[in-house]
Every structure is written in C-alpha cells, then in structure tokens.
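Computed from the coordinates by the stated procedures, all read-outs in this text should not be read as laboratory data. Please read all numbers here as calculations on a predicted model, not as lab measurements. Positions of Cβ are generated from backbone atoms using ideal geometry, with glycine treated the same way; all protein chains shown enter the neighbour counts.
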Amino acid sequence: MRRRIAWFMIALALTACTSKSGEITVHPLLCDGSVQNGKCSGKWLSLNATVYRVSEDRQSVIYWTPAIFDTPMKLANCVVRNVKNWQCTYQDKSAILIMNAGRFTVEVNNQMVSATTKQNEMRTRYVGWFQYWKYQLTGVLD
C-alpha cells in the first residue's frame, strides 16, 4: 500500500511541477513557535495557498487565493524570465515577491509594515505542491 501511495505522489508531483499554463501555486506554512537555523520549534500550520499566473510576454504576474479571494490582483514592477524565475512588488510596495528557480520568498519592506507582519514573515516558509503534501502526509518538512 505504501509503495502505491509513493508512486501516486510521484506521478502527481511530476504533473504539478509542469507549468504549461503559466501558473504556479505557493503553499505558505507558518511556524507556531520560533524558527532557528530553518527548523521550527513547534508545528508548521498550513495557510491559504496563492496561485500566481506569470506572463513572460507581458512581464506581468497576477495572483489570487482560491476560495478566499478569487478576484485576481496584479503585481507591480515585474521582471519575468519564466514561471519559476520572476520578481515583483505589491502595488503599495510593501514587499518584494521573488520566485527563484521555483523557490518563493518575500522580502518585507521595513518601513511600511507592522512588527507583527515582519515577525510572521520570518516564521513563514513557502513550499511547492509536493513539499506541502509530503508534510501533510508525513509531518516532516525538509
């Protein structure tokens, strides 16, 4: 049974990693404790996933959070190489969103956001579909 589940997960991961549609989904996880050397002292809590639709031709990225905020919003100041390599800012310039080789990070602007937001950002890890489901099934986050 485990072998069957493993093959199923591999097949889904390969399907999810292809981004012919120009979309990539990011799954944020928030540590309910402190994070030291990349390790969470508590549990990782699943937050709402966000979908990013990336256009190389237009040098633009739009995003939405399914079932929470379905109306697409446009990011600003985008530089796009491809779906897995781009950088933009929020319209209000409160943060820089970076997708580098399929790894997503957010750099929060120190002057425009609250201390709570900055603290939560330091405790947030962004993962792709495969890592998200691996964590959900095994409780282990690499």
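Find out how many positive minus negative residues lie around TYR63, taking Lys and Arg as positive, Asp and Glu as negative, among other residues whose Cβ is under 9 Å from that of TYR63. Please report the intermediate quantities before stating the final value.
Values: positive: ARG53, LYS74; negative: none.
Residues near TYR63 contribute +2 overall.
Taking 7 Å along the Cα-to-C-beta vector as the label spot, tell me the GLN136-SER94 distance in nanometres, rounded to one decimal.
Label-label distance for GLN136 and SER94, simple model: 2.7 nm.
Full extension from GLN36 to LYS84: what is 0.36 nm times the residue separation minus their Cα-Cα distance, to one decimal in nm? Spell out each step's value before the answer.
Details: separation 48, 0.36 × 48 = 17.28 nm, distance 2.71 nm.
Between GLN36 and LYS84, full extension yields an extra 14.6 nm.
Apply 1/(1 + (r/R0)^6) to the Cβ-Cβ distance of ALA76 and SER46, taking R0 = 22 Å, and write down the FRET efficiency to the nearest 0.05.
Values: r = 28 Å, r/R0 = 1.27.
About 0.20, to the nearest 0.05.
Just how far, in whole angstrom, is the stretch 124-142 from the stretch 18-52 if you go by their alpha carbon centroids?
Comparing the Cα centres of the stretch 18-52 and the stretch 124-142, I get a distance of 7 Å.
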